[in-house]
Amino acid sequence: MLARMPLSARAALSLLTAAALTGCSTADGSPTAAEGKGPSASPTTRARPLTEAELRSLSLREADLPEVEPGRIAFEDRSDTSDAPSFKPASDPDCQTVHDIRYARAAPTVVRQVMTWKDGIFPGQVTLASYRGGVAERLFAELERAAGSCNTYRGDGRTGAYTSTMKTQKAPNAGDEAVQFREYSTVELGKRDELFIVVRTGSTIATYNSLEVGRVATFPTEPIIDQAERLRAAQDR
């Protein structure tokens, strides 16, 4: 079941994005800097942008994610964030760039889903962002560069000031190209581990996000690979 995200889910989401700035098998990875290059990574082919309706039709379903509680995948309405507070930028400009791209802040067309894991406290999140022209390729190249440069930085989020460390990892072989990284910080309950897998398929950039405290965050990789293929097929029509 896909529905609009209720207030209770939005409250849970605030925990997932506490460090957000104004900026199957699972991916757990090792702290080795690397990125995935899909089998069709060709810079010469420019895919058409997808509409919001198309992105919604290509979103993940319960059948794609058996790890999710039944009925607990919801769309986040873009109007839900219209009254969101603004925060200071990250102390490191490259880290701020990573935040801006993974949250699709410059995308003209965005669809975001929030899901509740069966064995987790914090929700997962998927963001599909469609761009015109060659913007997706340019932004992804900038993301790769910035993620490789960002290390430890200070930020400002919903729970106040924080310090976080970013580490890149080997990404799944999905889409045209992919990058995976984690952010680590220490909170009252233990070590905060937030996983991001970002995949570009043609004109679309998809970001998969999972958070854990006291254990390793994971996101199933098979749905990521399958969704990239569906996004590719839709752009080729």
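The values are calculated or read from the model by the stated rules, or taken from the named source; none is laboratory data. What you see is a predicted model; the values in this text were computed from it and never measured. We place every Cβ from the backbone using ideal geometry, glycine too, and count neighbours over all the protein chains shown.
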- Every residue from the stretch 165-191 that is under 30 Å from SER203 (Cβ atoms) and in contact with a Gly (Cβ under 7 Å, 6 or more places away or on another chain): THR168, GLN169, LYS170, ALA171, PRO172, ASN173, ALA174, GLY175, ASP176, GLU177, ALA178, GLN180
- Item | Residues of the stretch 118-163 that turn out to be small (Gly, Ala, Ser) and in contact with a Cys (Cβ under 8 Å, 6 or more places away or on another chain), as a count | 2
- Query: Can you name the condition, by its number, that PRO89 falls short on among (1) modelled with pLDDT under 95; (2) surrounded by fewer than 19 Cβ atoms within 10 Å (Cβ to Cβ); (3) more than 24 Å from LEU55 (Cβ to Cβ); (4) out of contact with any helix residue (DSSP H, G or I) (no Cβ under 6 Å at 6 or more places or on another chain)?
  - Reply: (4)
- Within the set of pairs 6 or more residues apart or between chains, which connect a residue that is among the aliphatic types (A, V, I, L, M) inside the stretch 80-93 to a residue that is at pLDDT 75 or above with Cβ atoms less than 8 Å apart? ALA90/GLN96; ALA90/HIS99; ALA90/TYR153; ALA90/ARG154; ALA90/GLY155
- Query: Does at least one position in the stretch 136-148 carry a residue that is of a type outside the set (Ser, Thr, Tyr) and assigned to a loop (DSSP other than H, G, I, E, B)?
  - Reply: no
- Flagged in the stretch 104-130 as surrounded by fewer than 18 Cβ atoms within 10 Å (Cβ to Cβ) and small (Gly, Ala, Ser), in numbering order, are ALA106
- For the stretch 120-135, name all the residues that are among the small types (Gly, Ala, Ser), in a loop (DSSP other than H, G, I, E, B) and either at positive phi or modelled with pLDDT of 95 or more (or both). GLY133
- Only one residue in ALA146, ALA104, ALA141 is at positive phi and modelled with pLDDT of 95 or more. Which one? ALA104
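Which ones in the stretch 149-198 are of a type in the set (Asp, Glu) and either part of a strand (DSSP E or B) or in contact with an Asp or Glu (Cβ under 7 Å, 6 or more places away or on another chain) (or both)?
Once the filter is applied, which keeps residues that are of a type in the set (Asp, Glu) and either part of a strand (DSSP E or B) or in contact with an Asp or Glu (Cβ under 7 Å, 6 or more places away or on another chain) (or both), the stretch 149-198 yields ASP156, GLU177, GLU183, ASP193, GLU194.
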- Task: Within the stretch 149-188, count every residue that is within 15 Å of THR221 (Cβ to Cβ), in contact with a Ser or Thr (Cβ under 6 Å, 6 or more places away or on another chain) and either surrounded by fewer than 20 Cβ atoms within 10 Å (Cβ to Cβ) or at pLDDT below 95 (or both).
- Result: 1
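With the requirement that a residue be of a type in the set (Val, Ile, Thr) and either more than 16 Å from ARG200 (Cβ to Cβ) or modelled with pLDDT under 95 (or both), what does the stretch 92-101 give you?
Those that are of a type in the set (Val, Ile, Thr) and either more than 16 Å from ARG200 (Cβ to Cβ) or modelled with pLDDT under 95 (or both): none in the stretch 92-101.
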- Task: Could you grab me the full set of residues in the stretch 199-237 that are part of a strand (DSSP E or B) and closer than 21 Å to ILE101 by Cα?
- Result: VAL199, ARG200, THR201, THR204, ILE205, ALA206, THR207, TYR208, ASN209, SER210, LEU211, PHE219
- Item | Options ARG215, ARG138, ARG200, ARG132: the member that is out of contact with any Lys or Arg (no Cβ under 7 Å at 6 or more places or on another chain) and under 26 Å from SER91 (Cα atoms) | ARG138
- Given the residues ALA74, ALA63, ALA11, which is the only one that is under 25 Å from ILE121 (Cα atoms), at pLDDT 50 or above and surrounded by fewer than 14 Cβ atoms within 10 Å (Cβ to Cβ)? ALA63
- Note on the structure: Of the residues in the stretch 197-232 that are small (Gly, Ala, Ser) and within 14 Å of the chain's Cα centre (by Cα), the one that is farthest from THR168 (Cα to Cα) is ALA228
